[in-house]
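Written below as structure tokens is the structure these notes are about.
The values are calculated or read from the model by the stated rules, or taken from the named source; none is laboratory data. Worth saying up front: this structure is predicted, and the values here are computed from it rather than measured. Virtual Cβ from ideal backbone geometry, glycine too; neighbours counted across all protein chains shown. Accessible surface areas use protein heavy atoms only, side chains included; no ligands, DNA or RNA. Shrake-Rupley method; radii C 1.70, N 1.55, O 1.52, S 1.80 Å.
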Amino acid sequence: MLDRLDQQPPDALLALIKLHDADPRADKIDLGVGVYRTGQGGTPVFSAIKAAEQRLVDTQTSKSYLGPEGDMGFVEALMPYVFGAADPSKGGRIQGMQTPGGTGGVRLALAMAQRAGIRRILMGTPSWPNHAQIVADLGLELAAFSHATADGVADIEALTAALAAAGEGDAILLHGCCHNPTGIDYTPAHWAEITSRLAGSPVLPIVDLAYQGLGEGMEADAQGMRALLAAVPEALIAYSCDKNFGLYRDRVGAFFMQVAEAGQMGKVYSNGLALARANWSMPPDHGGAAVRIVLEDAALTAQWLDELEQMRERIHLVRGRLADAGQAGAVDLTPLGRQHGMFAMLPLDKSQIEALRADHGVYMAGSGRINVAGLTTLNLPKFVAALTAVTS
Ligand code: LMR
């Protein structure tokens, strides 16, 4: 019976990690999967996290079960950063639970939306490939619109046209900041437009905030989403700590629900618990506990924010250097200077992406997405030269 299953292709982005690792060339460049890298090319554990993990080892007395909601100390400590220090729960209208990474948050958001009667997900494309995979796995319909214009700004007209044609039973999936894969974020004016269109609309907003702090800062990166949440009665939010705490493989995320009135939270939340139980029973504890320890300790919090700022500044530096390089063959790199976060899309075809890998040891996603954090002052000139060579 199992023989009836069709062969599935490996996840292209994850397969790239193995391809890169197997390449013996010393000067290979990994611009594939979205992990931050230092100027030396490493992805070290944050010192604030190391200290918190040590404290966890020294003080944890039991690894007995928590519950489908995970570590609520972690969730509560995170909320002021996500929703603002002033009344993070908005009078009890917002509550959350821990999830296995941001992916777990996206899964719960889409599954809860479906339970509540959502049948169609509006989504700007290109988007993170796993968004469409989760939508498809749940049997939801995807209504794609163009995320960005040819000029490299968010295509707000395509978004508003998609909203105008939407109604009951529809949700829209928005990236909170550091758009993956394009790096093209909504401006404050765009967020104001999106907010005014969604206020009073039956379309349910779902926000995926996976890179808070890697764009303009922890506060600035949440502003657009917060303005939207202030104007709509209900919303669902997926959150990732995998990047801004560097916890990738420990899978640390959260799922938040905003309800119209605080009294509705118990019923809605119980559905979140039931979905989590059916999907993974409980989230893994270790990473979330380490984040909680960081956020409950002022000195560790300051250390974490400082490390995050260094990451953000390095990303800005690399983006600036790429923009300064200007034209690399047929590719104009100047827009990369005004984009946000780790990712950018380059207008390359399959054969150019393949030539970059085979002839120059440059690894990037098949979509043309690069992780700019994979570039350093040392390898950036080689990358620009390789790009010039394959596109000239
Ligand atoms: C990425 O887009 O590279 C990351 O979000 C990693 C992943 O899980 O795909």
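Over segment 124-233, the hull volume per residue, using the convex hull of the C-alpha atoms, is 99 Å³. The modelled label-to-label distance for the pair residue 279/residue 2, using points 7 Å beyond Cα in the direction of Cβ, is 2.5 nm. Summing +1 for each Lys or Arg and -1 for each Asp or Glu among the other residues whose beta-carbon sits under 9 angstrom from that of residue 275 gives +3. By accessible area, using a 1.4 Å probe on protein heavy atoms only, the chain has 55% of its surface on carbon and sulfur. Provide the net charge surrounding residue 287, with neighbours chosen by a C-beta distance below 13 Å and charges set as Lys +1, Arg +1, Asp -1, Glu -1. Surrounding charge for residue 287 is 0.
Note that segment 1-83 carries a Kirkwood radius of 17.9 Å, evaluated over its alpha carbons pair by pair.
For segment 168-234, would you read off the P(r) tail past 15 Å as a percentage of all alpha carbon pairs? Looking at segment 168-234, the distances longer than 15 Å represent 49 percent of pairs. For segment 261-392, the Kirkwood radius over C-alpha pairs fed into Stokes-Einstein at 37 °C and 0.692 mPa s yields D = 180 µm² per second.
Here the calculated FRET efficiency for residue 65 and residue 271, from their Cβ-Cβ distance with R0 = 25 Å, stands at 0.75, rounded to the nearest 0.05. For the residues 191, 304, 128, a GNM of the chain with alpha-carbon springs under 10 Å puts the largest fluctuation on 128. Counting lysine pairs in the chain whose alpha carbons fall under 28 angstrom apart, excluding pairs fewer than 8 residues apart on the same chain, gives 15. Restricting the GluC sites (Glu not before Pro) of segment 106-212 to loop positions (DSSP other than H, G, I, E, B) with no more than 15 neighbouring Cβ atoms within 10 Å leaves 168.
Relative to the globular-protein estimate of 2.2 N^0.38 Å, the Cα radius of gyration of segment 65-296 stands at 0.93. Result for the chain in a Gaussian network model with C-alpha springs under 10 Å: among 274, 22, 164, the largest mean-square fluctuation is at 22. Taking all protein chains as they are arranged and a probe of 1.4 Å, the heavy atoms of residue 153 leave approximately 70 Å² accessible to solvent. Rg(Cα) of the chain divided by 2.2 N^0.38 Å? Taking N as the residue count of the chain, the ratio is 0.98. Summed over all non-identical Cα pairs, the Kirkwood treatment of segment 52-183 gives a radius of 17.4 Å.
Given contacts defined as C-alpha pairs under 8 Å and at least six residues apart, what's the relative contact order of segment 65-296, whole-number percent? Value for segment 65-296: 31 percent.
Across the options 146, 390, 162, the greatest Cα extent toward the positive end of the charge dipole of the chain (unit charges at beta carbon of Lys, Arg, Asp, Glu) belongs to 390. Computed FRET efficiency, Cβ-Cβ of residue 87 and residue 143, R0 45 Å: what is it to the nearest 0.05? Once rounded, the FRET efficiency stands at 0.85.
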